[in-house]
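The values are calculated or read from the model by the stated rules, or taken from the named source; none is laboratory data. Not measured: the values here are computed from a predicted model. For neighbour counting, all protein chains shown are included, and Cβ atoms are generated from backbone atoms with ideal geometry for every residue, glycine included.
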Amino acid sequence: MSPFKSDTAKSNDDGATPRLALLCAHACGAAIVAGLLAVVSRPIFTDDLWWHLALGRAYANAGPWLLEDPLLFTAPGPPAPAAWLSDLLLYDLHVVFGFTGLRIAHVLLVAAIAWLVWSTIQRTCRSAALASLCMGFVLAASTYRLVQLRPHLFTIIAALLLARWLFATPQEDARWRAPAAVALLASWANLHAGFVLGPAMLGVVAAAWLVHDAVRWGRVAPGALSPRTRGLLGVLAVATLATLLNPSGITPHLAYWMAGDETPSLARVGDEWSRITLFALPRTNDALHWFGAWGSLLATLAGWSVIVRRRNADARDVAFGALALLSAALILMAVRFSWLCVFPLAFLALVSRKPLDASPMRTAWICAAASIGLAAAFFQVGAWPTFSQGLTHGYQRPYMPARYNAHAVWWLADAGLTGPLFAEYSQSGFLGYWLAPGIKTFVNGSLNVTSKAIDANLPIRERRSGDPAKNYVDMLDEQGVELFLGIRLPQARPTTQPWFHTTAHLEGASEWVQVFRNLDSAVYLRDQKSNDDNFERVASYYRERDIPFDRARGFDPAAAIERSPDWSIERGLIPPYYDQLVVTANTAEGERGHLSKLALAELNAALGLYAEAIELDRETLRRRPRTLDAQRRLIWSLLRDHRFDAAAARARAFAAHKPADALSRDVIAVANAASQGRLEGEALEQRIATLPVFSVADAARTRRSIQPPEVRLP
C-alpha cells in the first residue's frame, strides 16, 4: 500500500450539473485564461528578464561559479547562482529560438499553471464548475506575477506539482510519487531561490499529520504514526538533502538568517515585497490582490471550522489545511505570494465536498454567477486594463525598446563607452544585457549590491546628496559613478507609483559633461583623466557624423539638429516633421502658427535649449498673454537657466491670473522661493531639477512625436 493512499472515498462528479451553468463557469474561466495569455504573449516587457538572460550568457560561458558579477559595479561579489539553471535555460532558448521562442515559452508556462490550478482543485472536490471559478480567481489575483517571464514561474509550477503528486491525487498506484518529489526538489533548488517553499510545504504537512495521528491515537510514538506520515517524513528528509545539490550548497537555505549589514532589504522592492493591508480599501489596480488575500484568509478559517466541527478529518483534509495556513501567512507577508491562494481555495473545496455533492445544481449556478462577476472584475479593475495596452501597438515587435530609452542605450553601444554607470533600477537589466561587461550598472533586480548602494539609489534618483555635508556630485564620486543615464521628461506623476525624471539632473554640474541628449534622455560623462579614452570615443563618434562636439561645452542639441537632421530624427531629438514645424512657427498666422510655436517651445525646453524656449514663449505671450502652457513653461525655463529674478517677475504676473492647476502653482512657488532666498544652494538645485512642467498628456504627445528607437537583435 502506498504511504500516500487517500482516506477519502471517490466523490460525485458533475453528472447532475446543469449544462448551461457549467458552460457559463467554463466560459468565464476560459475568458480569463485567454485574456491572460494574450497579455503574456505581448512583446517582452519583463524588466528583470534582461539580466536573467545576461547571467545565463555568463553561465553558458563560465559555468555557475562566476568569479565576479558581470553586470554590476557595486556588487560585493559574484551573483548568487540561485536561479542559474533557469537563467541558462532561458538564454539557450533565446539563442535557439530568439525572442519569439521566449514569448511562446512564457505562454506555455502560464497555460501549464492554469491547467495545474484547475486540475488540482477539480481533483479535490470533483466539481468542474468550482474548479473553473477557483482557477479564474487564482489567475486574476496573481496576474502581476504571471505576466512576468522570470524564474519564479518555475516555483509556481513546482509547488503545484508537489501538492498534486503528494496530497491531491487519491489513487493508490503512487509508488512513483516519492522519488518524483525528490527529483523535483533537486531540480527546483537550481531553478529558483523560492525552492525553500518545497521543504516548507512538506514540513507543515508532516507536522499537521503528526498532530493528526496524535489526536487519533492519543500519542506520537513511532508505532502510532500512519504509513502516510512515515512516508512523508522520509520524503521530507531525502528531498531536503537533495536540495543541497546546487552550486551554493546549504547557503540558500540559510540566506535569511545569514543576511547581515551588507545584504539589501527586500522591502526596498516595493512592487514585490509590499504587504497587503487587509483593513484598508485597496487602489483599483490592487483590488484583486486585496480580494485574493481576504479570500485566502476566509477560505482557510472556513475550512478549519468545518474540520473542527466534523471531528473526523482525513489526512488529505489536514494536508491541504496545513498548506492553506502556510499560504495565508505568506500572502499576508508579501504581495508576491498572491498565487498561493490556490491552496486555501483547494482546502475549502475539499472539506466542502459533501455539501457540494449533495446539491450539484445549486453549486453550479452559484459558481456560474460568481464566475461572471469575477470575469467582469478581471477585465475592468484587474491587471487587464493596464497590460492590454500593448495588444494594439507594436505587437509584432520582439520587445519595446522605447520602454528602456533605447535611443540613449544604442548611442552608448555605438559610441563604445565603458565604465561604471548609474541608471534607473528598471533600466539596468536591459543595459546589462546589451552593454555589459564594458559598462556595468549601479543596481538591478538581482539586488547583488551592498546596502550602501541601495541607500544611495533613491537620493541619486531624487537628486539629493543624502548628507547635508555633501553635494550631489560628491555623492556620485563617492559611489564611483563615472557615467550617468538620465531619463524621462519633466512631467507630472502619471500614476500613484514612485516617479522620477532624471534627464536634467547633471545639467551644468561641475566635473560632468553632457555627451548625448534627446527629448527624454541624456548621457553625462565625468570629466576626469581616467575618462580621456571615453571622451576620445565620443569625439570620434561625432566626427564621423559631422556633428560638432567640444569637451568643455559638451554636446549641443541645437548644433546637432542643424548639422545632422537625419541623425537627430533617428536618435529622438526631433520629430520627423521638425523642418515643417519650424517653417509654420515662423511664418503661419492664427491658430496654426500659435500651436506650432507652442510645440516648438516644448521641444526646446525638453532638449535643454532654454534660451530658445524662452524666446518662443515670450513671443507667444506677447500675442496671447493668457496662454497657460507658455506662462508656466517660461517661468520654468527661466529657473532652469538660473534667471531667478526674471522668473519671479513672471511668476507674480502669472499668479494674478490664479491658475488652478498644480503644475503652475508649483512653478510659481519655486520661482518666489528662489528669488526671496528661501531656497538656495543644493536645496534649490534639487527643487529645480525635480520640478515638473509637462502635464501627463503633454508629455505623452511629445514622446509620440519622435521616431521610436530601432529594434536590435543580438
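Tabulated data
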item	result
Meets criteria (over 20 Å from Asn405 (Cα atoms), without any contact (Cβ under 8 Å) to a residue 60 or more places away in the chain and in contact with a Pro (Cβ under 7 Å, 6 or more places away or on another chain)) for Arg665	yes
Test: Ala129 is in contact with a Leu (Cβ under 6 Å, 6 or more places away or on another chain) and either buried (at least 24 other Cβ atoms within 10 Å of the Cβ) or assigned to a helix (DSSP H, G or I) (or both)	yes
Every pair of residues 6+ apart whose Cβ atoms lie under 6 Å, when the first sits in segment 334-350 and is small (Gly, Ala, Ser) while the second is assigned to a loop (DSSP other than H, G, I, E, B)	Ser338/Ser142
Qualifying positions in segment 481-536 - over 25 Å from Ser568 (Cβ atoms) and among the hydroxyl-bearing types (Ser, Thr, Tyr)	Thr495, Thr496, Ser510, Ser530
Hits in segment 631-669 (condition: within 34 Å of the chain's Cα centre (by Cα) and either closer than 24 Å to Glu619 by Cβ or in the same structural domain as Thr503 (by TED's automatic domain parsing) (or both))	Arg632, Arg633, Trp636, Ser637, Arg640, Asp661, Leu663, Ser664, Val667
So Phe320, is it assigned by TED's automatic domain parsing to the domain that holds Arg230 and buried (at least 24 other Cβ atoms within 10 Å of the Cβ)	yes
Answer from Leu581, Leu485 - the residue that is closer than 23 Å to Lys440 by Cα, in contact with a Leu (Cβ under 8 Å, 6 or more places away or on another chain) and not small (Gly, Ala, Ser)	Leu485
Out of Pro575, Pro625, sole residue that is out of contact with any strand residue (DSSP E or B) (no Cβ under 6 Å at 6 or more places or on another chain) and either of a type in the set (Phe, Trp, Tyr) or more than 30 Å from Phe654 (Cα to Cα) (or both)	Pro575
Candidates Ala671, Ala611, Ala648, Ala599, filtered to the one that is at pLDDT 95 or above and crowded, with 23+ Cβ neighbours inside 10 Å	Ala671
Output for segment 370-384, where each listed residue is in contact (Cβ under 8 Å) with a residue 40 or more places away in the chain and either part of a helix (DSSP H, G or I) or under 17 Å from Arg126 (Cβ atoms) (or both)	Ala370, Ser371, Ile372, Leu374, Ala375, Ala377, Phe378, Phe379, Val381, Trp384
Thr100 being at pLDDT 95 or above, of a type in the set (S, T, N, Q) and assigned to a loop (DSSP other than H, G, I, E, B)	no
Gly608 being within 35 Å of the chain's Cα centre (by Cα), in contact (Cβ under 8 Å) with a residue 60 or more places away in the chain and on the phi > 0 side of the Ramachandran plot	yes
From Ala16, Ala38, residue being modelled with pLDDT of 80 or more and either in contact with a strand residue (DSSP E or B) (Cβ under 6 Å, 6 or more places away or on another chain) or aliphatic (A, V, I, L, M) (or both)	Ala38
Verdict on Ala80 being at pLDDT below 95 and within 28 Å of Glu482 (Cα to Cα)	yes
Which listed residue is crowded, with 20+ Cβ neighbours inside 10 Å, in contact (Cβ under 8 Å) with a residue 60 or more places away in the chain, closer than 30 Å to Phe343 by Cα and in contact with a Lys or Arg (Cβ under 9 Å, 6 or more places away or on another chain), from His52, His106	His52
Residue within segment 627-642 that is in contact with a Gly (Cβ under 9 Å, 6 or more places away or on another chain) and either of a type in the set (Gly, Ala, Ser) or surrounded by fewer than 18 Cβ atoms within 10 Å (Cβ to Cβ) (or both) present	yes
Members of segment 453-473 found to be free of Cβ contacts under 8 Å to residues at least 24 places away in the same chain and either in a helix (DSSP H, G or I) or under 18 Å from Pro420 (Cα atoms) (or both), listed by number	Asp455, Ala456, Leu458, Pro459
